[in-house]
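K.L.:
Would you mind keeping the following structure in view while I ask a few things?
Just so you know, all these numbers are worked out from the coordinates, no wet-lab data involved. Small disclaimer: the values here were computed from a predicted structure and weren't measured. Reconstructed Cβ throughout: ideal geometry from the backbone, glycine too, with neighbour counts over all protein chains shown.
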Amino acid sequence: MKIMRLITVFTTSLLFLIACVEDPHRDVIAITNVTVINADRDNLEKQTVVFAEDQIISVEPTDKEISDVSRVIDGTGKYLIPGLWDMHVHLTYDDAFTEDMPSLFLAYGVTSVRDTGGLIHKIKPVVERMRAVDANSPRVYFSGPLLDGELVVYDGGLVPEIGSKNSDIEMAEKTVSMLNREGVDFIKIYEMVSPEVFTALSEAASKYNLPIAAHVPLSMTASIAGPEVDSMEHLRNVELDCAFNSAELHEERLGVLNSHEEVAGLTLRSSLHTMQRLPAIKNYDEEKCNRTMDNLKSTIQVPTLRLNSFSMYPGYEREDWQSVLDNVPEGAKEKWILATNDWFEQKKDQDWYGSEFAKWSLELTGRMNKRGVPIGAGTDTPIGYALPGYSLHTELEFLVEAGLSPIEALYAATIRPAEFFSLQDKMGTIEPNKVADMVLLDANPTEDIRNTRQINLVISKGKVLFPKDLIDKD
Ligand SMILES: [Zn+2]
């Protein structure tokens, strides 16, 4: 599968180069005297970055002459990073957000997103709008629905309908073939699939050269499912594999899965998490966990720490929460304000439910990073009170809190996601011939990751945009 993808990358790069043949009338823009930050090398000071339309033309020391530039942006005292990615978003989860999401992402410097679950008939028109020529929108890569098993967690009951049923191998093959025809960029495998369906989905994805994002299915282990996929989300079900009694817990889990009564997917999944998650974390075994992590060295982990640690570090308590509420689309604002007020009213009675899982998520991410497991930045926005765009910066802070250096956190939001799609030759760093997605910052993010919020302007597909213009509706 990986070789096939390399061929595709080569061909698309070639087409890309051909498409970029000089046009004498195009707008050529230079950012001068700026510090260029790429996550895979040392910072370059006093650089001039020239770009035109959607292509970076050159990155050279500012003392070198430049010619034929139609506009100059003074980057003195500023820092230029590649456009950021959010690797885990749901554009169609909450209709109140869908329309505002593209401009919110851009306002916060998020120039590419990976939509990890939405029904085709809802997500495709959104993707088409976002990909329209001249749309102010991040690049979007989508998976279609969460591919679930006989039972579907996101079935439209208590939670929105973003999942689909795959009862057997034949159904799984048909689904992936249909998704491929619909033009998805990857597939997303969910928690209720059986091992047979998991394998069928994964083989079908290889056939169509589609990368795979997945939760570890409840019927499988992280060590078995992880290496078969390209990214794993939320660290979900990894705790089982890291427990000294993992085999026993797995047996118990299979027992429940094979003998449950008529029940909704959401209920069954929650009951398994409640029954096993904390006991597994308590039974943590370092040796075992190291072995698990070694099995995951070529699978990007998208831990969504912002979400996993919400119970311990609720967004409501952030200093700038009011600015978040101000930017929540009207249709969702009241709900968010109510949740905020509820939080402060009930706080004294909170027993910090879930803080064990929060701590575990942060610690495990730090360990994974140290052991060489690749980490990607994603938020699950708008789920769990995540404002599109804003929440990516919160995720970067949590990645640093977990033990990543600021530059490693930037890697997780620039190069790593490009690698998921084998697009690292085209995006993820500021270099000649790469796409023109960049964020100009007023402060140095390698000194303090919170400085990624100090956005001066955003360049998306070569267009220079100012956050204020994107957010202000009047
Ligand atoms: Zn999600």
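K.L.:
May I ask you to compute the full-extension gain from Asp342 to Asn209, defined as 0.36 nm times their residue separation minus their alpha-carbon distance, rounded to one decimal in nm?
P.N.:
Numbers: separation 133, 0.36 × 133 = 47.88 nm, distance 4.67 nm.
Going from the current span to full extension adds 43.2 nm.
K.L.:
Given R₀ = 56 Å, FRET efficiency for Lys174-Glu65 by Cβ-Cβ distance, to 0.05? Mind showing how you got there, number by number?
P.N.:
Numbers: r = 60 Å, r/R0 = 1.07.
So the FRET efficiency works out to roughly 0.40.
K.L.:
To one decimal place, what Kirkwood hydrodynamic radius in Å is obtained for region 83-427 from all pairs of distinct Cα atoms?
P.N.:
Details: mean 1/r = 0.0493 Å⁻¹.
Hydrodynamic radius (Kirkwood, Cα only) of region 83-427 equals 20.3 Å.
K.L.:
Oh, and also: Could you tell me which of rounded, prolate or oblate describes region 201-316, using a ≥ b ≥ c as the square roots of the eigenvalues of the alpha-carbon gyration tensor, with rounded for a/c under 1.5 and, failing that, prolate when a/b is larger than b/c and oblate otherwise?
P.N.:
Working: a/c = 1.26, a/b = 1.13, b/c = 1.11.
Rounded, since a/c falls under 1.5.
K.L.:
At Asn444 and Arg291, where each label point lies 7 Å from the Cα along Cα→Cβ, what is the point-to-point distance in nanometres?
P.N.:
Placing both labels 7 Å along Cα→Cβ, they lie 4.5 nm apart.
K.L.:
Given labels modelled 7 Å from the Cα in the Cβ direction, how far is it in nm from Leu278 to Ser167?
P.N.:
Result for the modelled spin labels: 3.7 nm.
K.L.:
Suppose R0 equals 41 Å. What FRET efficiency, 1/(1 + (r/R0)^6) with r the Cβ-Cβ distance, do Asn245 and Asn43 give to the nearest 0.05?
P.N.:
Numbers: r = 47 Å, r/R0 = 1.15.
Efficiency, rounded to the nearest 0.05: 0.30.
K.L.:
Can you tell me the length gained on complete extension of the stretch Glu128 to Lys359, counting 0.36 nm per residue apart and subtracting the Cα distance? Don't skip to the answer; put the middle values down first.
P.N.:
On the way: separation 231, 0.36 × 231 = 83.16 nm, distance 3.95 nm.
Full extension of this stretch gives 79.2 nm more.
K.L.:
Take the cross-link list Lys282/Lys370; Lys434/Lys463; Lys64/Lys434; Lys207/Lys370; Lys64/Lys468; Lys122/Lys333 and give me the ones stretching past 25 Å between alpha-carbons. Spell out each step's value before the answer.
P.N.:
Values: Lys282/Lys370 22 Å; Lys434/Lys463 14 Å; Lys64/Lys434 21 Å; Lys207/Lys370 33 Å; Lys64/Lys468 33 Å; Lys122/Lys333 22 Å.
Result: Lys207/Lys370; Lys64/Lys468 exceed 25 Å.
K.L.:
For region 259-327, rounded, prolate or oblate, judged on the Cα gyration tensor with a ≥ b ≥ c (square roots of eigenvalues), a/c < 1.5 rounded, else prolate if a/b > b/c? Working shown, then result.
P.N.:
Numbers: a/c = 2.25, a/b = 1.33, b/c = 1.69.
Oblate, because a/c is 1.5 or more while a/b does not exceed b/c.
K.L.:
Moving on. Along region 321-327, what does the Karplus equation 6.51 cos²θ - 1.76 cosθ + 1.60 (θ = phi - 60°) give for ³J(HN,Hα), rounded to whole Hz, x for Gly and Pro?
P.N.:
Going residue by residue, I get 4, 4, 5, 5, 4, 4, 9 Hz, with x marking Gly and Pro.
K.L.:
Here's something else I'd like to know. If I require 15 Å or longer along the helix axis, counting alpha carbons, and a Kyte-Doolittle average no lower than 1.0, what helices from the chain are left? Use full DSSP H segments.
P.N.:
Working: long enough: 2-19 (25 Å, 1.72); 120-131 (16 Å, -0.48); 169-181 (18 Å, -0.18); 195-207 (18 Å, 0.11); 246-259 (20 Å, -0.45); 265-282 (26 Å, -0.07); 330-346 (25 Å, -1.00); 355-370 (23 Å, -0.77); 390-402 (19 Å, 0.28).
In the chain, the long hydrophobic H runs are 2-19.
K.L.:
Right, something else. Efficiency by 1/(1 + (r/R0)^6): what FRET value for Thr76 and Thr267, r their Cβ-Cβ distance, R0 = 60 Å, to the nearest 0.05?
P.N.:
Values: r = 58 Å, r/R0 = 0.97.
The value I calculate is 0.55.
K.L.:
What order, most packed first, do the peptides 27-33, 340-346 have when packing is the mean number of other Cβ atoms within 10 Å of each residue? Numbers along the way, then the final one.
P.N.:
On the way: 27-33: 19.1, 340-346: 12.3.
Sorting 27-33, 340-346 by mean packing, highest first, produces 27-33, 340-346.
K.L.:
Before anything else, pin down the relative contact order of the chain: Cα pairs under 8 Å, at least 6 apart, normalised by residue count, whole percent. Before the final figure, lay out the partial values.
P.N.:
Values: 966 pairs, mean separation 96.3, N = 474.
Relative contact order here is 20 percent.
K.L.:
While we're looking at this one, here's another question. Let me know the charge dipole size of the chain about its Cα centre in debye, to the nearest 20, where only the beta-carbon of Lys, Arg (+1) and Asp, Glu (-1) is charged. Working shown, then result.
P.N.:
On the way: 46 positive and 74 negative charges, 125 e Å.
Its charge dipole is roughly 600 debye.
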